[in-house]
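Notes follow once the structure below has been shown.
Readers should treat all values here as calculations from the given coordinates under stated rules, not as data from a laboratory. Quantities reported herein were computed from a predicted structural model and do not represent experimental measurements. All Cβ positions, even for glycine, are placed from backbone atoms using ideal geometry, and neighbour counts span all protein chains on display.
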Amino acid sequence: MQHNASDSTKFSLGTHTSIAGVQAHAREWLLTHAAPLWATAGVLSDGMFAERMKLDGKPASTMNRRMRVQARQIYCFSVIGSLGWEGPWQPVLEGAVSQFLQKAVGDNGYFVHLFNSGGEVISRAKDLYDHAFGLFALAHAARVLKRSELSDLSYDVFTRMMAEWWRPEGGFWEGELTPCPPFRQNPHMHMFEAAVVNYEVTGRREWEDLIQRLQHLFLVRFQEPSTGAVTEYFDQNWLRLPKGEGDIVEPGHCLEWAWLFEVGLPNGHGAAISDSLVNFARRFGVNEERGVAINEVYLDGSVRDGGARLWPQTERLKAAVARYQRLGSEGEASEIVRAYNGLCAYLNAPVAGIWHDRLNADGTWVEEDAPASSFYHIVCAFDQLFRIAA
């Protein structure tokens, strides 16, 4: 799976034709190439993770480090360990968790925001998006390492957030980094994701209650009923902003929410919501010529941003996998293959285990280092993919 740099600069879809072939390719890429690379070059001397990797496989070690990226990488190695990788996932994970516990939880009981290139805290600003991933990572690490004190810490931070951040209008205060309004659905989606795994790990009813609260908020505010799409920006009362900014839809978020409603609610209770979200995203949010999910459209289906980041491709794949597991249809099986072939273009980087992150609307790549933050999306999608019985 080694690639020549000259080949990897061109956009080229994968050529897989079956779910079994997709699974085999994904497993090789993740466990033979990506996991070893990110467990070595991607781990800095103090045990924290690199924020970005150069396309030659060397870390961009002089960058500031975001707490959310540390949390996402903790999640990644928790899952990689559970998938049976025979490499040093456990010492990598334990070292990162140790650094997280020492540095990422402030004296006020909340997560910090940013470290400098030496691993020292330089911003303690509170942010809902950061906190969603802190809670998410702790639950996954608690499960694979069998350390209940990690899920206990997640619960403690969460209960503090519910007491101090939950708004009378519903939803959370979003923190000190992003001015509100506009209020955003996106960090609430990740709080939903964090609640699902924390409830799986602990069974605590407060996590289940949060799932139900956020499901209600989604249905009555986030989702636009006539189209089925989820919009992005709202006023203080969770009313969609006026035409223009209020009409923006990210197809990747439609697909990500669809997956969450497939896996996060019992007994198929999220199926109808998933159907409406997927119908919009597939109709308006996939560029059939290039075979990829694009960044942004409006509610009327017109394109706002025809570029295509990596992460919408993983959400397209996750939604197809979940729907195939529910429906077992040939249509969803074919969509799994199409989504994976689109993602493959991003994984065709100069060094196997690295990725391109942003595709321009004209089909050229944005030249930049590979952000570690995207590994979470890839690992999550592959974890779901591997759950399909061969």
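Tabulated data
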item	result
Fully extended contour minus Cα-Cα distance, from S148 to A24, at 0.36 nm per residue	41.3 nm
Cα centroid separation - region 173-204 against region 238-266, whole Å	14
Calculated over the chain: convex hull of Cα atoms, volume per residue (Å³)	131
Contact order normalised by residue count of the chain, Cα under 8 Å, 6+ apart, percent	21
Length released on extending from A125 to N237, taking residue separation times 0.36 nm less the Cα-Cα span	37.9 nm
18 Å cut-off, amide nitrogen to a point 7 angstrom out along S334 Cα→Cβ, residues in region 17-44	17-22
Highest-fluctuation residue, G244, G264, G14 considered, GNM on the chain with Cα pairs under 10 Å	G244
Region 42-208: projected area of the alpha-carbon convex hull, averaged over directions, in nm²	10.3
Euclidean distance of C-alpha centroids, region 348-390 and region 30-83, integer Å	14
Neighbour-count ranking [beta-carbon atoms within 10 angstrom, fewest first] of D357, D209, D107	D107, D209, D357
Simple spin-label estimate for K10 and I388 in nanometres, 7 Å along Cα-Cβ	2.8
Where labels lie 7 Å past Cα in the beta-carbon direction, separation of A271 and S61 in nm	5.3
Whole-Hz ³J(HN,Hα) from phi, Karplus 6.51 cos²θ - 1.76 cosθ + 1.60, for region 229-245, glycine and proline x	7, 9, 8, 9, 10, 9, 8, 4, 9, 6, 8, 4, 4, x, 3, x, 4
Helix-only [θ]222 nm of the chain, DSSP H runs n ≥ 4, -39500 (n - 2.57) each, per residue, nearest 500	-15500 deg cm²/dmol
Those residues of region 224-258 whose amide nitrogen sits under 14 Å from the label point placed on N279, 7 Å along Cα→Cβ	224-230
Burial order of peptide ranges 145-153, 245-253, 53-61, 72-80 (average beta-carbon count within 10 Å, highest first)	72-80, 245-253, 53-61, 145-153
Packing-based order for 93-102, 337-346, using average beta carbon neighbours within 10 Å, highest first	337-346, 93-102
Antiparallel content of DSSP bridges confined to the chain, in %, to 5	95
